[in-house]
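**Q** Handing you this structure, nothing more for now.
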Amino acid sequence: MANPPDAPNTPLPDHVETPRLRLRRWRHDEAHPFAAAVAASLEHLRPWMPWVAFEPLTIEERVHLIERWTREWEEGGDVTLGIFLDGEVIGSTGLHRRSGPGTLDIGYWIHVDHVRHGYATELTAALTTAAFEIDGIDVVHVQTDEANEASASVPAKLGFSRSQIIVREPEAPGESGRLIDWTMTPDVWSTRAGG
């Protein structure tokens, strides 16, 4: 018998289009432009992204990272997507299975030169729609640190509900240790997205 679409070995969508953006899985030959986008945005990202502590990666390490993401996706795990604007790398996003069965989490970061243009909101809306097109997905989460008001404005604009505060040790220098768990359900999303 085939596994249901939200089973762990069923791959998540590998590309999503928005009005302005193309979201697709990273290719190993994109390590250089990916590295350049991260390098340009390091100080912008450092307060909020724990992985910045491991930067800069060598190109070889970044290729291995992309290859690991590819394997995870092929095995039915998370999908990590590059964000492209007219072919230029402007960040990274993804759908993650970290909140348990029937749920997907959306994460994102935007290149420092492209913030405040609504790209994070646009891609989060598109990924929410894509997530709810997968049978068995009942909740989409976005988690933002309470101190990161810019990131929190994205799910707030889209009508996500603040479902809980998760208290944890801060993982990046700007974090408060209070993580807001924003949630959306398909019925509410279909109403907000125009059905």
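The values are calculated or read from the model by the stated rules, or taken from the named source; none is laboratory data. Keep in mind the model is a prediction, meaning the values are calculated, not measured. Ideal geometry is used to build each Cβ from the backbone, glycine not excepted, and the neighbour counts take in all protein chains shown.
**Q** Taking the range 95-123, which residues are surrounded by fewer than 22 Cβ atoms within 10 Å (Cβ to Cβ), of a type in the set (Gly, Ala, Ser) and under 13 Å from the mean Cα position of the chain (by Cα)?
**A** The one that is surrounded by fewer than 22 Cβ atoms within 10 Å (Cβ to Cβ), of a type in the set (Gly, Ala, Ser) and under 13 Å from the mean Cα position of the chain (by Cα): 107.
**Q** Considering only the range 100-195, give the strands (runs of 3 or more DSSP E) lying wholly within it that have at least 2 residues that are among the hydroxyl-bearing types (Ser, Thr, Tyr).
**A** Working: elements: 103-110, 139-145, 161-167, 178-184.
Answer list for the range 100-195: 103-110, 161-167.
**Q** State all residues of the range 48-79 that are free of Cβ contacts under 8 Å to residues at least 40 places away in the same chain, of a type in the set (A, V, I, L, M) and crowded, with 16+ Cβ neighbours inside 10 Å; if no residue qualifies, say none. Show your work before the answer.
**A** The initial filter retains those residues of the range 48-79 that are free of Cβ contacts under 8 Å to residues at least 40 places away in the same chain, namely 51, 54-65, 67-68, 71-72.
Within this subset, residues satisfying the condition of being of a type in the set (A, V, I, L, M) are 57, 59, 63, 65.
Once the filter is applied, which keeps residues that are free of Cβ contacts under 8 Å to residues at least 40 places away in the same chain, of a type in the set (A, V, I, L, M) and crowded, with 16+ Cβ neighbours inside 10 Å, the range 48-79 yields 57, 63, 65.
**Q** Return a yes/no flag: does the range 89-97 have any residue that is of a type in the set (Gly, Ala, Ser), touching an Asp or Glu at 6+ places or on another chain (Cβ under 8 Å) and at pLDDT 95 or above. Give the derivation first.
**A** Here is the first cut: in the range 89-97, the residues of a type in the set (Gly, Ala, Ser) are 91-92, 94.
Checking the rest, the ones that are also touching an Asp or Glu at 6+ places or on another chain (Cβ under 8 Å) come to 94.
Among the residues that remain, those that are also at pLDDT 95 or above are: 94.
Scanning the range 89-97 turns up at least one residue that is of a type in the set (Gly, Ala, Ser), touching an Asp or Glu at 6+ places or on another chain (Cβ under 8 Å) and at pLDDT 95 or above.
**Q** One residue is enough: does the range 136-144 have a residue meeting the conditions over 14 Å from residue 34 (Cα atoms) and at pLDDT below 95? Steps first, please.
**A** Within the range 136-144, the subset over 14 Å from residue 34 (Cα atoms) is 136-144.
Adding the requirement that they be at pLDDT below 95 leaves 136.
Scanning the range 136-144 turns up at least one residue that is over 14 Å from residue 34 (Cα atoms) and at pLDDT below 95.
**Q** Continuing with the same structure: Exactly one condition in (1) within 18 Å of residue 23 (Cα to Cα); (2) touching a residue at least 40 places away in the same chain (Cβ under 8 Å); (3) assigned to a loop (DSSP other than H, G, I, E, B); (4) not β-branched (Val, Ile, Thr) is false for residue 82; which is it?
**A** (3)
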